[in-house]
Amino acid sequence: MGGSDTRAPCPPVVDYTAADQARAADEVAALSEGAVIVRMLTDYAVLRDQARACR
């Protein structure tokens, strides 16, 4: 029973163009102070980092 790896497969990380990233940054900068979506995007960034490390 030894040697089995039961880890879940790593999720894919979507690549965004530099233009998409710049547009997203502009859109985030235009949000009102304390917008909850900013916190959600921060959580998403952590998940992306974890997915990259999983590879």
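The values are calculated or read from the model by the stated rules, or taken from the named source; none is laboratory data. Quick caveat: nothing in here was measured; it's all calculated off a predicted structure. Because the Cβ atoms are built from the backbone with ideal geometry, glycine has one as well, and the counts that use them run over all protein chains shown. Accessible surface is based on the protein model in full, side chains and every heavy atom, while ligands, DNA and RNA are left aside. Shrake-Rupley method; radii C 1.70, N 1.55, O 1.52, S 1.80 Å.
Considered as a group, the residues in the range 38-55 that are open to solvent by 60 Å² or more (accessible area, probe 1.4 Å) and either in contact (Cβ under 8 Å) with a residue 40 or more places away in the chain or of a type in the set (Lys, Arg) (or both) include one that is farthest from ARG7 (Cα to Cα), and that residue is ARG39.
Every residue, every condition in (1) among the aliphatic types (A, V, I, L, M); (2) in contact with a Pro (Cβ under 6 Å, 6 or more places away or on another chain); (3) not in a loop (DSSP other than H, G, I, E, B), yes or no:
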| position | (1), (2), (3) |
| --- | --- |
| PRO12 | no, no, no |
| ASP20 | no, no, yes |
| ALA25 | yes, no, yes |
| GLU33 | no, no, no |
| ASP43 | no, no, yes |
| LEU47 | yes, no, yes |
